[in-house]
Amino acid sequence: MSPVPLTTNKANDVSVDHDDALLSVANVGFDYDNTPILDEVSLTVDRGEFVALVGPSGCGKSTLLNLISGVLPARSGAIRTGNRVIRSDRLGNVSYMQQKDLLLPWRSVAENSRLGIELRGAGHADSMEQVERLSRSFGLADVLDMMPWQLSGGMRQRAALLRAVLPENPVLLLDEPFGALDAITRRSLQQWLLNTLDTSDRAVVLVTHDVEESILLADRVLVMAPNPGRIVANIDVKIDSSLDGADTSTSPRFIELKKRVLSLLNGDESGSGASQ
Amino acid sequence: MTLLTILRVKLFDWLPAIIAVAALVIAWEVLVGVLEVQRWLLPPPSVIINELFDSLASLSRHAGTTASETVIGFAVSIVLALLIASGIVWSRTVERSIYPIIIASQTIPIITLAPLLIIWVGTDIMSKVIVIVLFTFFPIVISLVTGLRSVEQEMVDMFRTLGASPWQIFYKLMLPTSLPNFFAGLKVGAVVSVIGAVIGEWFGASSGLGWLMKIAGGQFQTAKVFAAIVVLSILAMLLFAVVVAVEKWSLRKYPPTVTRVIRLGES
């Protein structure tokens, strides 16, 4: 059996900007109250690529998404999404689903879902038509008139994702979208996300604590380390669709990748866990 | 649910209030009779009720004056409070320049300002409206500012990532978030506005329930004073009920937790 092909790159190795990259983060730093939170973080995500960021709590994963989306200003470095380099230009042009669903309690599921396109000036009829068009694949067709407080956590997350996806921005950021859900709902939504989300024309960045989730969903996993937050490894995890058989998560490649990421998260920056 | 059933449920809801008021009125009637209290000092409820019917036309006319002043003053207060609260949450400079003035305005006994207002703007409706505004805008402003500031930063960030302008964040997120607090302030303001109207009329008017009470009190027509107080209470309760109805309609889509009443005694 041939060894599992793994590539591990230091931060600077993934910073090379190229024309295909929809998202480029170059040597970005961020301080909070004079404490460095992120230092020299670099990454690129190509069109059609799904990248996962994993790392321990407090390593700056969510901060990095806030910087990419334009919510926070970087202390140093440059961020480019498409041809947008100015922070204010990124606001509204990068889809961002935060950890909480953040649905407005006074709006129905349909009205929450259409918020992004409504803010861009889409008319009521037009935006509702767009919501209805996607609602079936999001499993929301039967609950569009319901209020958020009448929905389960999983359905609320779907509505929040629909709100993020509808503006059709080329870069989609997902910050632990399933973090607050139970294991069964989480697993079913991961599978649903894989089947539903058309990533062919997008660059997707997923932040997660869940190593299995990162390997299952992403093409690449970027492992972060804390104090200050930085990327310590870039691992190609794209699992061959032929391995998808009964259960991907029990395949040898999946287990090997999981060991590798876990060893990096445990502080072994050489990732020796892969060869064990 | 039939209309009859709804009425029965409503009646059952109001039963404690009806019993409490009835008990108070009966105790008052009996005690005034037993203790032989002079009618000019404290008339029994039966005399006040008679006065209510005897002076119905006059009371209605004066109530109309007070009601118009109250509604206009309350409306001006709401508009003013919306503008001031919006300015406060919008700009630090506005907050720093206006907040001290608002606080200072509440430290001045408004009752001492009323005679001055009569001198400055005359005895017409304007002086009453100003007194009502001075009484009511403070609770409305404070509740509105509290409500507008209760918006979570994550919600604001979410709106920003969707490309919302500051104005869109204000009217699509902050204003709806502030509604429960806003209505709490409006309910206080609704009741207080009637007091403001009476004080305004007390110091200079030619009609209105406040003016009527002053004249009747000076002539020891105590029953008429009480009859005017009853009409004033009805007026305040009506205004309060209108605010509650608008609140219920405005918050009809909000989660039940927003309007749910927690009763520790029934847990």
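Some notes on this structure:
- Eligible lysines near A:Lys61 by straight Cα distance, threshold 23 Å, same-chain separation 8 or greater: A:Lys10, A:Lys100, A:Lys238, A:Lys258, A:Lys259
- Rounded, prolate or oblate (a/c below 1.5 giving rounded, otherwise prolate when a/b exceeds b/c) for chain B by Cα gyration tensor: oblate
- Helix-only [θ]222 nm of the protein assembly as shown, DSSP H runs n ≥ 4, -39500 (n - 2.57) each, per residue, nearest 500: -18000 deg cm²/dmol
- Averaged over the residues of peptide B:162-169, the number of Cβ atoms from other protein chains lying within 10 Å of each residue's Cβ is 5.
- Between 0 and 90°, nearest 10: helix A:153-165 axis offset from chain A longest Cα axis: 90 degrees
- Summing Lys and Arg as +1 and Asp and Glu as -1 over all other residues whose Cβ lies under 10 Å from the Cβ of A:Ala180 gives a net charge of 0.
- At full extension, B:Glu29 and B:Ser250 could sit 75.3 nm farther apart than now, given 0.36 nm per residue minus the alpha carbon distance.
- Computed from Cα atoms, the angle from the helix B:209-218 axis to the main principal axis of chain B rounds to 30 degrees.
- Average Cα contact separation per residue, chain B, under 8 Å, 6 or more apart, as relative contact order %: 25 percent
- Distances between placed amide hydrogens fall under 5 Å for A:Asp46 paired with A:Leu22, all partners being 5 or more residues away or on another chain.
- Summed side-chain charge close to B:Ala190 - residues other than B:Ala190 whose Cβ falls under 15 Å, Lys, Arg +1, Asp, Glu -1: 0
- Against chain A, whose longest principal axis is taken from its Cα atoms, helix A:183-196 shows a tilt of about 80°.
- Area hidden from solvent between B and A (accessible, protein heavy atoms only, 1.4 Å, total, Å²): 2000 Å²
- Rounded if a/c under 1.5, otherwise prolate or oblate - the protein assembly as shown, Cα gyration tensor axes: prolate
- Length added when fully stretched, B:Ala17-B:Ala104, from 0.36 nm per residue minus Cα-Cα: 27.5 nm
- Amide H to amide H, with H built 1.01 Å from N, A:Ala74 comes under 5 Å of no residue 5 or more places away or on another chain.
- Pair A:Asn266, A:Asn27: separation of 7 Å Cα→Cβ label points (nm): 3.5 nm
- Length gained when the stretch B:Val76-B:Glu154 is fully extended (0.36 nm per residue, less Cα-Cα span): 24.7 nm
- Note on chain B: lysine pairs with Cα distance below 24 Å, sequence gap of 8 or more or different chains, count 12.
- Among residues other than B:Thr136 with Cβ under 15 Å from its Cβ, the summed charge is +1 (Lys and Arg +1, Asp and Glu -1).
- Our summary gives chain A a relative contact order of 26 percent, counting only alpha carbon pairs under 8 angstrom and 6 or more residues apart.
The values are calculated or read from the model by the stated rules, or taken from the named source; none is laboratory data. All values reported here derive from a predicted model rather than from experimental measurement. Ideal geometry is used to build each Cβ from the backbone, glycine not excepted, and the neighbour counts take in all protein chains shown. Ligands, DNA and RNA are excluded from the accessible area calculation, which covers all protein heavy atoms including side chains. Shrake-Rupley method; radii C 1.70, N 1.55, O 1.52, S 1.80 Å.
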